[in-house]
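Engineer: What follows is a structure written as structure tokens; I'll ask about it next.
The values are calculated or read from the model by the stated rules, or taken from the named source; none is laboratory data. Keep in mind that this is a model prediction, so the values were computed, not measured. Glycine gets a Cβ as well: all are built from the backbone with ideal geometry, and neighbour counts include every protein chain shown. Surface areas here come from the heavy atoms of the whole protein model, side chains and all, with no ligands, DNA or RNA. Shrake-Rupley method; radii C 1.70, N 1.55, O 1.52, S 1.80 Å.
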Amino acid sequence: VHLRHKTEPVDETKTVTETIQYVYENGDQAAPAKVQKLDFKRTNTKDLVTGKISQEGVWAPSTGTFPEVVSPKVDGYTPDKATVAAVEQITGDSADIEETVT
């Protein structure tokens, strides 16, 4: 006799965010922040006896990209970064990204 635990699918979602802050040298906000988001979803399996949830699901989409962002123009100032480079290969396991343009 072979017994198995009963299981059920469990959906997991995650949002990875890129936030670009635009500040003056003194730290005051120079322009509104630019926020970009990528949403990911995967289906894992929950063991109904132990309550343990596997992390075996595959994130969909498998990867995403944050496109290049051109820094806004502020009269009388020059940004230290004219653009914030594109970030490729973002996955559901990626951490949020924070950039600051002075």
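Engineer: Please state which one of VAL35, VAL16, VAL70 is modelled with pLDDT of 95 or more and surrounded by 13 or more Cβ atoms within 10 Å (Cβ to Cβ).
Structural biologist: Details: VAL35 fails: surrounded by 13 or more Cβ atoms within 10 Å (Cβ to Cβ); VAL70 fails: surrounded by 13 or more Cβ atoms within 10 Å (Cβ to Cβ).
Of the residues listed, the single one that is modelled with pLDDT of 95 or more and surrounded by 13 or more Cβ atoms within 10 Å (Cβ to Cβ) is VAL16.
Engineer: Related question: Determine whether ALA86 is aliphatic (A, V, I, L, M) and free of Cβ contacts under 8 Å to residues at least 24 places away in the same chain.
Structural biologist: Yes; evaluated as a whole, the condition is true for this residue.
Engineer: If a residue must be over 19 Å from ALA95 (Cβ atoms) and out of contact with any Pro (no Cβ under 9 Å at 6 or more places or on another chain), how many such residues does the range 68-79 contain?
Structural biologist: Qualifying residue count, the range 68-79: 7.
Engineer: A further question follows. Between a residue in the range 51-63 that is more than 12 Å from THR13 (Cβ to Cβ) and any residue that is open to solvent by 60 Å² or more (accessible area, probe 1.4 Å), which pairs come within a Cβ distance under 8 Å, given they are 6 or more apart or on different chains?
Structural biologist: LYS52/LYS46; ILE53/LYS46; SER54/LYS46; THR63/GLU88; THR63/GLN89
Engineer: Does the range 38-56 hold any residues that are within 18 Å of GLN89 (Cα to Cα) and open to solvent by less than 40 Å² (accessible area, probe 1.4 Å), and which are they?
Structural biologist: Step one: of the range 38-56, the residues within 18 Å of GLN89 (Cα to Cα) are 38-42.
Residues satisfying the conditions are LEU38, PHE40, ARG42.
Engineer: Take the range 73-102 and flag every residue that is assigned to a loop (DSSP other than H, G, I, E, B), open to solvent by 90 Å² or more (accessible area, probe 1.4 Å), more than 16 Å from THR15 (Cβ to Cβ) and charged (D, E, K, R).
Structural biologist: Listed by number, the residues that qualify are LYS73, ASP75, ASP80.
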